[in-house]
1. Here are some residues: 216, 147, 137. Which one is surrounded by 17 or more Cβ atoms within 10 Å (Cβ to Cβ), among the charged types (D, E, K, R) and out of contact with any Asp or Glu (no Cβ under 8 Å at 6 or more places or on another chain)?
2. Condition first: out of contact with any helix residue (DSSP H, G or I) (no Cβ under 9 Å at 6 or more places or on another chain) and at pLDDT 90 or above. Now tell me which residues in segment 12-24 satisfy that.
3. Name the residue, out of 170, 210, 196, 259, that is touching a residue at least 24 places away in the same chain (Cβ under 8 Å) and not assigned by TED's automatic domain parsing to the domain that holds residue 131.
4. State the number of residues belonging to segment 113-136 that are closer than 14 Å to residue 27 by Cα and without any contact (Cβ under 8 Å) to a residue 40 or more places away in the chain.
5. For segment 24-38, which residues satisfy the criterion of being among the acidic types (Asp, Glu) and part of a strand (DSSP E or B)?
6. Which condition from (1) surrounded by 13 or more Cβ atoms within 10 Å (Cβ to Cβ); (2) modelled with pLDDT of 95 or more is the one that residue 45 breaks?
Amino acid sequence: MSSTSGLGIYGFRFSEPERLPLLNLFAAGHQIEQSPDYHWNGLERSDGPLLLFQYTVAGTGIYECDGESFSIGPGRAFMAEIPGNHRYYHPGEATPWEFYFLLFRPQPLLPLWNDIKGRLGTAPALDPASPPVRMLRDIVREAHSGRITDPYTASSLLHQFMMELGRHSSAGPRDPGRWPPAVRDCVRFIEANYSSMIGQEQLAEKLGLSKFYLLRTFSKAVGVTPNEYVNRIRIEHAVELLRTTDDSIEAIAAQVGYSTGSYFIKVFRKLTGHTPGAFRSGNSSLNYSRLFFS
């Protein structure tokens with residue numbers, strides 16, 4: 001929903017000690033532009049190096065980058081590096097272009113920025129109620145209220161925004177709430193039957209799917225194959241047994257579904273970095289109560 005509260009551009013020029021890994025927020029803003037004179041060319045700017053995240057709440061702007069043109073309407077953002085071969089502008093229509101933006105220095109965020117951009121694309125769509133967009137609005141609101149008064153506050157807010165944007169980009173279709181029904185059925189079956197799992201071909205038949213469809217759809221949604229997912233579930237349960245029982249490694253291997261202790265040890269080491277024995281003794285790791293895999 002459009003709102004004119006907090007309209008303005010807010011710049012920050014704090015003296016961050018170079019020895020500290022603080023994030024450098026350069027500017028934040030909430031603008032409404034209607035004039036065709038609103039135009040920025042990424043090769044002509046002198047305030048870089050900067051990263052720009054700009055999100056539209058009403059109207060439409062145009063973003064052109066490396067020969068591609070994007071219509072940036074409500075619910076869509078663009079991500080740009082300054083300097084860079086791009087330009088963005090109001091197309092001259094009667095409808096104003098309303099947007100929020102953040103400008104910040106690339107270091108040390110550039111690797112995360114590139115990863116997010118690689119996942120979401122140059123001009124991603126984001127729901128107005130999504131955590132990154134809420135955080136974007138919060139930063140501008142804090143700036144408008146005069147509460148970003150030191151480099152630590154600015155760094156903390158920018159860090160929160162980037163973490164939310166990163167989490168959003170990595171979740172994407174891997175959010176269980178967005179999984180296709182067939183994938184959710186498959187996951188439920190695996191979690192209920194991990195200790196006596198059948199092969200992928202039999203699993204597909206059990207669910208009334210083709211093996212090819214199961215592998216392609218499951219891997220795309222979850223990020224791993226059904227077999228890899230089974231191993232993760234088994235190792236999660238094995239960790240609990242190693243911590244809470246005195247059962248032998250062979251016995252635990254059998255309980256979680258492995259036919260041999262040697263194969264169990266191989267998979268356990270691959271996923272945790274330790275053998276089951278070293279993990280149980282605590283000599284090679286922290287005394288974990290549970291491990292989470294992603």
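1. From the options 216, 147, 137, the qualifying one is 137.
2. Correct list: 13 only.
3. 196
4. 0
5. Passing the criteria: only 33.
6. (2)
The values are calculated or read from the model by the stated rules, or taken from the named source; none is laboratory data. Predicted model only: the values in this text are computed from it and were never measured. Reconstructed Cβ throughout: ideal geometry from the backbone, glycine too, with neighbour counts over all protein chains shown.
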